[in-house]
Amino acid sequence: MVLDGVMRNFVFSLSLAAILQAQAPTAPVLQPRGVVNAFSQLPAPAVVGQGGLIHINGINLAPPEGWKSDSLPLPTQFGDPAVQVLINNRPAPIVEASPSRIVAQVPLETPNGQVNLVVRRGDQSSRPVRLQVQNLAPAIKSGNASGFGPAANDGSDGTLRLRATSLGPTDPRVPTGEAASDPATPRAAISVFVGGIQAETTASYSTTTPGEFVLEVKTPTGAKNGDAVLLIANNAEANLLTMDRGPRESEITFIPLPAGSPDLRNLRSSDVNGLFLNANAVRGTDTCYPSYRIDIRKKEFLKVDGCLTTAQAQAVTPFVDGVGSANFAAFEGPFKGTAQPGQPAPVSDKVRIFRPGSNTPVLATLPESAANLNGVAGGDFVAVVQGTAGAPGKAYRIDSETGAVEEQAAAGGGAGGGVNLQGLLQRFQNIDLGDGVNKLLSGVAQLNNQFVITVGDNIENPTKAKVAVLSAQGDIVSQRELPSGWLPIVAPAPQQQPGGPGGLPGGLAALRTPTPFYMDAQTRNYYVAVRNAEGNHGFAYFPPEGPSQSIPLPETWFFAGCVPNIPVFNLELSRGIALLGARSEDRTFKNPCTADGFMLFDLAARRFQAVTLPGAGKFNASGGADELNDFLIGSNVDPANRNTSDTFYALDGVNATVFRFDLPQGVSNFSGGARVPALNLIVAQANNRINGDAGLILFDLERTESRLLPTPEGFAAVNFLGVLPSIRRVVARGTRTGNAGTQILVYNLENGDLEIIPNPEGIAWIGSPIVQQQPGQPGQPGQQAVNLPVRLNAKSNSVEAIVFGEDRRQKGVVVIRVN
């Protein structure tokens, strides 16, 4: 079905009406995207932890008067006719229900992975809706129950009392549907950060409400209203909320450069704390980076003594962030050791770790010099020693609080380490199935402890091919023939661009895998894109047992094959996959490569459906095609300028409806397109004469509408920086008229207000000064000698930048706490 955006909601209503008319009056109907985590409220496909609470939205779900449980354990059915929620055919405890919503608990016994949910009312059942169940998927309840804004808090002064769900099993175990009769705590490690400061936290299972946990959080010193509240459970992050509401206006802090300091090349806040930052100047000939630690709360800008360095001579910074923490680290330099051929040079046997609240870094001493340093979940770091032909690599985990060092499994993965598909790809390059079939055509699909690949006799135009099942060691377990008369489709190699390098760089050419494929983990069916001698396209389908079969595309449809990588998109909610489709076959490289629609493939029915773009619409398959929460999104190419588009398309993978967004009045075209999964938004630059002069466009996939955030008076253009979902703010950098400087602009998505953040006295430019763009060049960024980006920290609702005066010289750093 093809629709303009304005028609989509109307058609959805008609679809519901048609379903109701075809069913008994009491038949429950679920919204296709209507199952969500009860606390995070993030868009479907829902992710919920075992034992977590969910909202099930639809119509005819309960009697008009509603129902609420008044006893424990929670019942798994209520009413007459009886209402039940079945998750993979297992009855789920029900908390409460209305005609349009059921609140239920996912049974702790539910296996991980995609599951089906059905609401049954008497002898009538809804169509199934899919959701993802994990061991845990932490979420905090907000005060407005919408999943954003201030956290619901009934604590006293100095303590936050928060409600959470989906924290997984407890110790001792509390059965599904019951509240805790004795104290029970989550088995997962729980951390809470308030304003980027780790807070003392006690977590326990609710004694009154199944599926809920109570978090007693001691407010850390220095935290204040409006600060971000971040819950991390076993390294999984919850929806970000705030501690009450902050001041009406954002807060800006300016700290000047220390006297005699060189110009900065980098500024970056730690992972969870936007008020604790590192900065550095350009790398010196001694391999050392002049470096600084910055604490906005203390208004400190302190030089780091000694030498910090890294293995990569062209690296912008020596610092590495700790994941899920406020720490960062770097090697203490200068270099030690010598480089081996094809290996990075060992850097140092010492690592410095910087933590907020302490001016003295933690020093860790390694048993030997390492080449790489990485942050890992939990805030610790891992130093990696590269292996050689005669010795395996090593990895040392460094405790970020104490500096203690512990050797881990050999670098590159030992027993029990994750599967390195890139390494397998390189190993399988030498596969030989006999009869000249020895060229790897596809990527590697994992099937339990085995791997599936497609192999042909020629990577550009195969005349024979097979599918092989291999062990992790590369041994051939089995090989199977393709359906008679069908051969793998191969995407064309990228061509050299005039005036520049072309093709694939370095050793990547040997790793080109041009054939699209898909492994259905649920059924263990393997699919590979194929073509026959008549030029028809389709899938070769390989069930676990039995011969392969061909599944052709609808007549006169082809896969859009003029790109070097033909993408396959996974559609979780409809249990399907999708590729871009064209009405004519084109197997030569083109940029742009255009598509005419989408090829949707139902994995259960093993059947294709073609969905055409509205009118004579053309979809740019060369760049920008993407998937967001089971929406397939992209745009055309503006014939007047290849760097911009004038039409945006989205296909709802749940109901196979494609719709077109009209541009807001006063906008000629748009460029870019940033994904915001938490809000089902795409944000793009709105253009007339130059990039961003019209403002920003929001393409709202849920509401199927476009909305303009205009460039304010006094500004020539805006540049998108990011979105802060927890407070519903869009942040941009505005260039003042006459190229007189830049300021930060904050658009409020809740009420439409715009806040223009005033610059500190003497500061003209937030981020690098811009060379004036010339009219008539939409989509072309301004030129500047060194790009010093303005960064957004979405985990602390803050903006950070190196700033410049009217003389275009660096003056210091700015951090803005957005409220």
Q: Please work out the FRET efficiency for the pair residue 438 and residue 472, using the Cβ-Cβ distance as r and a Förster radius of 25 Å; give the result to the nearest 0.05.
A: 0.80
Q. What is the distance, in nm, between label points placed 7 Å from the Cα along the Cα-to-Cβ direction at residue 447 and at residue 464?
A. 2.2
Q) Given a cut-off of under 8 Å on Cα pairs at least six residues apart, what relative contact order in percent is computed for the chain? A) 8
Q: Can you work out the accessible area per residue across region 45-137, with the rest of the protein chains kept in place, probe 1.4 Å, in square angstrom?
A: 41
Q: Choose one of 215, 145, 253: the residue whose Cα lies farthest towards the positive end of the charge dipole of region 145-288 (beta-carbon charges +1 Lys, Arg; -1 Asp, Glu; about the Cα centre).
A: 253
Q: Taking all protein chains together and a probe of 1.4 Å, list 524, 283 from the most accessible to the least accessible.
A: 524, 283
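Among DSSP beta bridges lying fully in the chain, give the percent that are antiparallel, nearest 5.
Taking every DSSP beta bridge with both residues in the chain, the antiparallel ones total about 95 percent.
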Q) Taking the Cβ-Cβ separation of residue 154 and residue 200 as r and a Förster radius of 22 Å, what is the calculated FRET efficiency to the nearest 0.05? A) 0.75
Q. Residue separation times 0.36 nm, minus the C-alpha to C-alpha distance between residue 127 and residue 263: what's the value?
A. 42.8 nm
Q. At what distance in nm do the modelled label points of residue 607 and residue 809 sit from each other, each positioned 7 Å from its Cα along Cα→Cβ?
A. 7.3
Q.
Keeping all protein chains in place and using 1.4 angstrom, which order do 683, 320 fall into by accessible surface area, from largest down?
A. 320, 683
Q | Solvent-accessible heavy-atom area per residue, rounded to whole Å², over region 447-490 at 1.4 Å | A | 46
Q) So how much accessible area does residue 675 have, in Å² to the nearest 10, using a 1.4 Å probe? A) 100
**Q.** Signed unit charges on C-beta, dipole axis of the chain, positive-most listed residue 28, 810, 165
**A.** 810
Q) By the scheme Lys and Arg +1, Asp and Glu -1, what is the net charge of all other residues having a beta-carbon under 14 Å from that of residue 38? A) +1
Q: Along Cα→Cβ, 7 Å out, is where each label goes; now give me the distance between the ones at residue 525 and residue 665 in nm to one decimal.
A: 5.0
Q) What does a probe at residue 68 reach in region 95-118, counting residues whose amide N is under 17 Å from the point 7 Å along Cα→Cβ? A) 95-105
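Got a number for carbon plus sulfur as a percent of the chain's accessible area, 1.4 Å probe? Write down the numbers at each step before the final one.
On the way: 16520 of 34690 Å².
After summing per-atom areas, the C and S share lands at 48 percent.
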Q) List the aspartates and glutamates whose alpha-carbon lies under 16 Å from that of residue 394, not counting same-chain residues fewer than 8 positions away? A) 349, 368, 406, 407
Q. Under the Karplus relation 6.51 cos²θ - 1.76 cosθ + 1.60, θ = phi - 60°, what is the ordered set of whole-Hz ³J(HN,Hα) values for region 624-637, x standing for Gly and Pro?
A. x, 5, 7, 10, 9, 6, 6, 9, 9, 10, x, 8, 8, 10
Q) Say the dipole of the chain comes from +1 at the beta carbon of Lys and Arg and -1 at that of Asp and Glu; which of 39, 81, 110 then lies farthest toward its positive end? A) 39
**Q.** Residue-span extension gain [residue 404 to residue 358] - 0.36 nm each, minus C-alpha spacing
**A.** 14.8 nm
Q. How much accessible area does residue 212 have with a 1.4 Å probe, in Å² rounded to the nearest 10?
A. 20
**Q.** Solvent accessible area, Å² - residue 606, 1.4 Å probe, full protein context
**A.** 90
Q | Lys, Arg +1 and Asp, Glu -1 on Cβ, resulting dipole of region 95-248 about Cα centre, debye, nearest 20 | A | 540
Q: Calculate, for region 663-774, the solvent-accessible area per residue in square angstrom, rolling a 1.4 angstrom probe over the heavy atoms of the protein chains.
A: 37
Q | Answer label, with semi-axes √(5λ) of the Cα gyration tensor in Å calculated from the coordinates and candidates (i) 55, 39, 24; (ii) 53, 31, 25; (iii) 41, 37, 31 | A | (iii)
Q: Using θ = phi - 60° and the Karplus relation 6.51 cos²θ - 1.76 cosθ + 1.60, list the HN-Hα couplings for region 156-165 in order, rounded to whole Hz, with x at every Gly or Pro.
A: 8, 4, x, 9, 9, 10, 9, 10, 9, 9
Q. Excluding same-chain residues fewer than 8 positions from residue 618, which lysines have a Cα within less than 18 Å of its Cα?
A. 590
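Which sequence of 534, 572 reflects their accessible areas, 1.4 Å probe, from the largest down?
Heavy-atom accessible area, descending, gives 534, 572.
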Q | All lysines inside 30 Å of residue 218 as judged from Cα atoms, apart from same-chain residues fewer than 8 positions distant | A | 141, 298, 299, 795
**Q.** Highest-first arrangement of 482-489, 41-48, where packing means the average Cβ count within 10 Å
**A.** 41-48, 482-489
Q | the chain - mean residue ellipticity at 222 nm from DSSP helices (-39,500 (n - 2.57) per run, n ≥ 4, rounded to 500) | A | -1000 deg cm²/dmol
Q) Can you work out ³J(HN,Hα) from phi for every residue in region 580-597, in order, using Karplus 6.51 cos²θ - 1.76 cosθ + 1.60 and θ = phi - 60°, giving whole Hz and x for Gly and Pro? A) 7, x, 10, 8, 9, 7, 9, 10, 9, 5, 9, 9, x, 9, 10, 10, 9, x
Q: Let me know the charge dipole size of region 699-742 about its Cα centre in debye, to the nearest 20, where only the beta-carbon of Lys, Arg (+1) and Asp, Glu (-1) is charged.
A: 160
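The values are calculated or read from the model by the stated rules, or taken from the named source; none is laboratory data. Nothing here was measured: the structure is a model prediction, and the numbers come from that model. Cβ atoms come from the backbone with ideal geometry, glycine included; neighbour counts cover every protein chain shown. The protein model used for the area step is the full one, side chains on, heavy atoms only, and it has no ligands, DNA or RNA in it. Shrake-Rupley method; radii C 1.70, N 1.55, O 1.52, S 1.80 Å.
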